[in-house]
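The values are calculated or read from the model by the stated rules, or taken from the named source; none is laboratory data. Computed from a prediction, not measured in an experiment: that's the story for all the values here. All Cβ positions, even for glycine, are placed from backbone atoms using ideal geometry, and neighbour counts span all protein chains on display.
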Amino acid sequence: MPSDERPPTPDALTVLACGRLEIEGRMPWSSNGTFLCSVGTVAEDGTPELAAIYKPLRAERPLWDFPGGLYRREIAAFELSEQLGWGLVPETVERPDAPLGVGSLQRFVRADFEQHYFTLLEDGRYHGVLRRMAVFDVVANNADRKGGHCLVDADGHVWGIDHGLCFHENPKLRTVIWDWAGEAIADDILDDLAALVAGGPSDTLGRWLSPAETDAVVARADRLLRRRRLPEPLTERPYPWPLV
């Protein structure tokens with residue numbers, strides 16, 4: 001199976017949902033409270049089962065255009081990626097029993113943090129998964145796809161992170177991935193979008209979004225199916241800030 005289509009590891013989901021959780025420290029440069037945690041049993045050499053990123057509801061900064069509970073959108077992004085079969089978002093769950101209260105817990109990607117979207121773009125090997133991520137961001141209505149939100153791990157798998165500003169029912173797309181704007185979408189991606197439109201959002205995806213937001217997910221996927229091309233920038237602010 002290609003590295004950009006791997007399913008999540010069930011063990012990772014179980015550990016995230018049920019493992020012993022300890023906060024190791026706060027992540028720098030985050031607009032909302034974001035914490036690095038160790039999760040699960042500790043091995044004989046002292047390493048935790050998993051490292052994870054915890055985003056508690058109580059540490060979110062209010063936004064005028066997004067309702068509280070941004071952590072729910074982090075989980076919805078994982079569920080959308082899984083329903084499409086794309087494996088773009090690390091395993092993400094809700095943890096009601098976390099130290100600072102309910103929030104999302106996402107497997108920490110041990111990545112080469114010198115790499116980001118703009119460096120990956122220079123390597124043609126990554127163009128297929130980056131095009132797929134561009135489609136994902138349109139369907140999810142990602143309002144904040146910075147270059148640093150694209151990570152590559154030691155296996156060469158590209159992951160997308162930081163999806164708290166997604167799934168608004170109104171157009172909000174702001175992304176750095178405009179390099180294929182106007183170009184045709186690959187047939188296999190269109191097939192996955194067609195399955196989403198025909199079957200509707202999964203129950204697990206719908207759990208984290210409002211009915212209007214889930215309807216908008218399907219509407220955006222259907223629009224891409226009919227046009228069969230990635231959109232051109234449609235607003236005066238198509239890029240996030242900062243870019244990385």
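Any residue in region 25-36 that's without any contact (Cβ under 8 Å) to a residue 24 or more places away in the chain: show its pairings with residues that are in a loop (DSSP other than H, G, I, E, B) and charged (D, E, K, R) at Cβ separation under 9 Å, as long as the two are six or more apart or on different chains.
Listed by first residue and then by second, the contacts come to SER30/ASP162.
In this structure, does ASP179 turn out to be in contact (Cβ under 8 Å) with a residue 40 or more places away in the chain, in a helix (DSSP H, G or I) and either over 26 Å from PRO28 (Cβ atoms) or aromatic (Phe, Trp, Tyr) (or both)? Working first, answer last.
Numbers: in contact (Cβ under 8 Å) with a residue 40 or more places away in the chain: yes; in a helix (DSSP H, G or I): no; either over 26 Å from PRO28 (Cβ atoms) or aromatic (Phe, Trp, Tyr) (or both): yes.
So ASP179 fails the test.
What are the pairs with Cβ atoms under 7 angstrom where one residue, in region 68-90, is over 16 Å from ALA216 (Cα atoms) and the other, located anywhere, is among the polar types (S, T, N, Q) and assigned to a helix (DSSP H, G or I)? Sequence gap at least six, or different chains.
GLY87/SER81; LEU88/SER81; VAL89/SER81
Looking at region 106-120 only, could you name the residues that are modelled with pLDDT of 95 or more and either out of contact with any Asp or Glu (no Cβ under 7 Å at 6 or more places or on another chain) or farther than 20 Å from VAL89 by Cβ (or both)?
PHE108, GLN115, HIS116, TYR117, PHE118, THR119, LEU120
Could you check region 152-176 and list, in sequence order, the residues that are part of a loop (DSSP other than H, G, I, E, B) and closer than 13 Å to TYR126 by Cα?
Selection gives ASP155, GLY156, HIS157.
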